[in-house]
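Colleague: Before we start, here is the structure in question, set down as structure tokens.
Laboratory data are not the source of any read-out in this text; all were calculated from the coordinates shown. Since we're looking at a predicted model, the values are computed, not measured. Positions of Cβ are backbone-derived with ideal geometry, glycine not excepted, and every protein chain shown enters the neighbour counts.
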Amino acid sequence: MPVEEFVAGWISGALGLVLGHPFDTVKVRLQTQSTYRGIADCMVKTYRHESAYCLAPFDLIKVRLQNQTEPRAQPGSPPPRYRGPVHCAASIFQAEGPRGLFRGAWALTLRDTPTLGIYFVTYEWLCRKSTPDGQKPSSATVLVAGGFAGIASWVTATPLDVIKARMQMAGLKQRAYRGLLDCMVSSARQEGLGVFFRGLTINSARAFPVNAVTFLSYEHLLHSWG
């Protein structure tokens, strides 16, 4: 049932993105900015001054827009750097050239390649361990397995997620890294090894409900279409 699986995956993925996007905004800001005292402080300040909008499907533009902290359309306040995803893309292209639009692409690739495998292997393993032979996993099992699969994947992904976000913001801050390795060495030298796990708490807090809902909706849609 390739068509049904595609539609089920698309719907469940969209639900997961809607649920997880505000947490993703907080995660990116904690990873790339040092003006927040913690998760709660970042959430309060973000909510107070602006809203978390899902403005673009592209990761670089998403990160740049998430890091834009100017209040929206308030009288007397300076205009935001980017007026939206299209303007953001055009501004990056003009200021940083075509390569600017692909900043952090290698880190993104290296982040997702192993974590997707860990993601699905963890989900399948937990479902099989918690389900008697010959039976389908219950909704509770799917929720728990999906949630822990999301956490397991982010434990693996967070170090490269930090590097990806920093490389994507480098052009905006006029700080150029010579490459992925230079970004890793520079970050570790200045902030210690703990920098590579910055945002892990918010990643995990977001990952459990997002992926629990994603897998549950996916399994239920496939079952209903039988």
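Colleague: What are the ³J(HN,Hα) couplings of segment 185-196, residue after residue, when phi is run through the Karplus curve with 6.51, -1.76, 1.60 and θ = phi - 60°? Round to Hz, x for glycine and proline.
Modeller: 5, 5, 5, 5, 5, 8, 10, x, 5, x, 4, 6
Colleague: Rg and Dmax of segment 71-203 over Cα atoms: what are they, in angstrom?
Modeller: 19.9, 66
Colleague: With the crude spin-label approximation of a point 7 Å out along Cα→Cβ, what separation in nm comes out for THR156 versus ARG128?
Modeller: That separation, rounded to one decimal, is 1.6 nm.
Colleague: Sticking with the crude label model, points 7 Å out along Cα→Cβ, report the distance from VAL121 to LEU193 in nm, one decimal please.
Modeller: About 2.3 nm, to one decimal.
Colleague: Follow-up question, since we're still on this one. Return the FRET efficiency for the residue pair ARG178, ARG81: r is the Cβ-Cβ distance, R0 is 35 Å, and the value is rounded to the nearest 0.05.
Modeller: Computed FRET efficiency for ARG178 and ARG81 comes out at 0.90.
Colleague: Give me the extension gain from VAL185 to ASP59: residue separation times 0.36 nm, minus the current Cα-Cα distance, reported in nm with one decimal.
Modeller: Full-extension gain reported as 43.0 nm.
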